[in-house]
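Engineer: Got a structure for you, written out below as structure tokens; questions coming shortly.
The values are calculated or read from the model by the stated rules, or taken from the named source; none is laboratory data. Since this is a predicted model, take the numbers as computed values, not measurements. No Cβ is skipped: glycine too gets one built from the backbone with ideal geometry, and neighbour counts run over all protein chains shown.
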Amino acid sequence: MVTLADLALPLSMQACKAGEWTWALAAVDAGDPRRVAEVLEACRRSAQANIRGEVRGRHVAVVPGATPNVLSAQWWLQGRRPDGSEVHARLVLFAHGTQVFQATVVGSRPAGAAADPFFEALQVRS
């Protein structure tokens, strides 16, 4: 369970470490279509807070099959781990119906082009 947008929601996540980075895909059900935007924004804020990060970039994310949402975006964050070392995160947030998804690559340096195939492969199949 996680708290996002003042809602206690069950979260599922698949993650692995490969190379220098941790790769993850998380999903949570906002439960109500009117809450999707709030949950998308809460996911971004949570990811940023987890690394005490700053936004270094943002672009609209277009994920095939996803429900269009103005808050569907790709974010680049830079922050610090608890030990003070630098950390970089690149994430894509998108939704399908009330399901909110967050794909993330995190590491000591930006994943750059190494992460492109991961994010380009994102799609929603019904």
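Engineer: I'd like the full set of residues that are in contact with a His (Cβ under 7 Å, 6 or more places away or on another chain) and among the basic types (Lys, Arg), limited to the range 53-111.
Structural biologist: ARG109
Engineer: Here is a check on your reading of the model: is VAL62 within 20 Å of ALA111 (Cβ to Cβ), among the β-branched types (Val, Ile, Thr) and part of a strand (DSSP E or B)? I'd like the intermediate steps shown before the answer.
Structural biologist: On the way: within 20 Å of ALA111 (Cβ to Cβ): yes; among the β-branched types (Val, Ile, Thr): yes; part of a strand (DSSP E or B): no.
Against the criterion (within 20 Å of ALA111 (Cβ to Cβ), among the β-branched types (Val, Ile, Thr) and part of a strand (DSSP E or B)), VAL62 does not qualify.
Engineer: Now a separate question. From GLY97, GLY19, which residue is in contact with a Pro (Cβ under 8 Å, 6 or more places away or on another chain) and small (Gly, Ala, Ser)?
Structural biologist: Criteria check complete, one pass: GLY97.
Engineer: Would you please list the contacts, defined by Cβ atoms under 7 Å and residues six or more apart or on different chains, that run from a residue in the range 114-126 that is more than 17 Å from PRO68 (Cβ to Cβ) to a residue that is modelled with pLDDT under 95 and surrounded by 12 or more Cβ atoms within 10 Å (Cβ to Cβ)?
Structural biologist: Here the result reads none, with nothing in the range 114-126 linked to a residue that is modelled with pLDDT under 95 and surrounded by 12 or more Cβ atoms within 10 Å (Cβ to Cβ).
Engineer: A further question follows. Restricting the range 79-110 to residues that are touching a helix residue (DSSP H, G or I) at 6+ places or on another chain (Cβ under 8 Å) and in a loop (DSSP other than H, G, I, E, B), which is nearest to ASN50 (Cα to Cα)?
Structural biologist: Filtering the range 79-110 for residues that are touching a helix residue (DSSP H, G or I) at 6+ places or on another chain (Cβ under 8 Å) and in a loop (DSSP other than H, G, I, E, B), the one nearest to ASN50 (Cα to Cα) comes out as THR98.
Engineer: Return the total of residues in the range 1-44 being in a strand (DSSP E or B), touching a strand residue (DSSP E or B) at 6+ places or on another chain (Cβ under 7 Å), surrounded by 11 or more Cβ atoms within 10 Å (Cβ to Cβ) and not small (Gly, Ala, Ser). Step through it out loud before you land on a result.
Structural biologist: Just the residues of the range 1-44 that are in a strand (DSSP E or B), to begin with: 2-4, 7-9, 11-18, 21-29.
Now restrict to residues that are touching a strand residue (DSSP E or B) at 6+ places or on another chain (Cβ under 7 Å): 2, 4, 9, 11-16, 21-29.
When the remaining residues are screened for being surrounded by 11 or more Cβ atoms within 10 Å (Cβ to Cβ), the result is 2, 4, 9, 11, 13, 15, 21-29.
Filter again for not small (Gly, Ala, Ser), leaving 2, 4, 9, 11, 13, 21-23, 25, 28-29.
Residues flagged as in a strand (DSSP E or B), touching a strand residue (DSSP E or B) at 6+ places or on another chain (Cβ under 7 Å), surrounded by 11 or more Cβ atoms within 10 Å (Cβ to Cβ) and not small (Gly, Ala, Ser) within the range 1-44 amount to 11.
Engineer: Which of (1) closer than 19 Å to GLY107 by Cβ; (2) free of Cβ contacts under 8 Å to residues at least 24 places away in the same chain is the odd one out, the single condition THR22 does not satisfy?
Structural biologist: If we test THR22 against (1) closer than 19 Å to GLY107 by Cβ; (2) free of Cβ contacts under 8 Å to residues at least 24 places away in the same chain, just (2) comes out false.
Engineer: Just wondering, is there one or more residues in the range 26-43 that are aliphatic (A, V, I, L, M), closer than 16 Å to ALA103 by Cα and free of Cβ contacts under 8 Å to residues at least 40 places away in the same chain?
Structural biologist: yes
Engineer: If we scan the range 79-98, do we find a residue that is over 11 Å from LEU40 (Cα atoms), exposed (fewer than 12 other Cβ atoms within 10 Å of the Cβ), touching a residue at least 40 places away in the same chain (Cβ under 8 Å) and not acidic (Asp, Glu)?
Structural biologist: Filtering the range 79-98 for residues over 11 Å from LEU40 (Cα atoms) gives 79-91, 96-97.
With exposed (fewer than 12 other Cβ atoms within 10 Å of the Cβ) added as a condition, the list becomes 82-85.
With the extra rule that they be touching a residue at least 40 places away in the same chain (Cβ under 8 Å), the set shrinks to none.
No, every residue in the range 79-98 fails to be over 11 Å from LEU40 (Cα atoms), exposed (fewer than 12 other Cβ atoms within 10 Å of the Cβ), touching a residue at least 40 places away in the same chain (Cβ under 8 Å) and not acidic (Asp, Glu).
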